[in-house]
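Rule-based calculations on the coordinates, nothing more; no lab input. These figures come from a predicted structure and were not determined experimentally. With ideal geometry, Cβ positions are generated from the backbone for all residues, glycine too; neighbour counts draw on all protein chains shown.
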């Protein structure tokens, strides 16, 4: 039973590409945060429909989260997006 559980925990869910893929980027609330992360993602996806972007500030406005749904084409594209977003100083987390 333990071996079976370990096997299930280690396997990542399979994603069928292409698909709509939600990204959540959390960072310090700095000027142009939304525009900066959107531009970085668009380098890999092309233009993103503004209706697929949602922004929320923390209660004290110290942090901001940007939710963007992209048309993902594959694992390689997602890896590059995550890599590039993590290089932005004001980004604290990418989900």
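Looking only at residues that are surrounded by fewer than 15 Cβ atoms within 10 Å (Cβ to Cβ) and assigned to a strand (DSSP E or B) in segment 12-53, which one is nearest to the chain's Cα centre (by Cα)? The residue in question is 24.
Among the residues of segment 57-88, how many are part of a helix (DSSP H, G or I) and touching a residue at least 40 places away in the same chain (Cβ under 8 Å)? Write out each step before concluding.
Step one: of segment 57-88, the residues part of a helix (DSSP H, G or I) are 75-86.
From what is left, the residues that are touching a residue at least 40 places away in the same chain (Cβ under 8 Å) are 75, 78, 81, 84-85.
Summing the residues that are part of a helix (DSSP H, G or I) and touching a residue at least 40 places away in the same chain (Cβ under 8 Å) in segment 57-88 gives 5.
Hey, among the residues in segment 54-78 that are more than 12 Å from residue 21 (Cα to Cα) and in contact with a helix residue (DSSP H, G or I) (Cβ under 7 Å, 6 or more places away or on another chain), which one's surrounded by the fewest Cβ atoms within 10 Å (Cβ to Cβ)?
Looking only at segment 54-78, we keep the residues that are more than 12 Å from residue 21 (Cα to Cα), and these are 54-66, 76.
Restricting the remaining residues to those that are in contact with a helix residue (DSSP H, G or I) (Cβ under 7 Å, 6 or more places away or on another chain) gives 55, 64, 66.
Values: 55: 14, 64: 20, 66: 22.
Per the criteria, the residue is 55.
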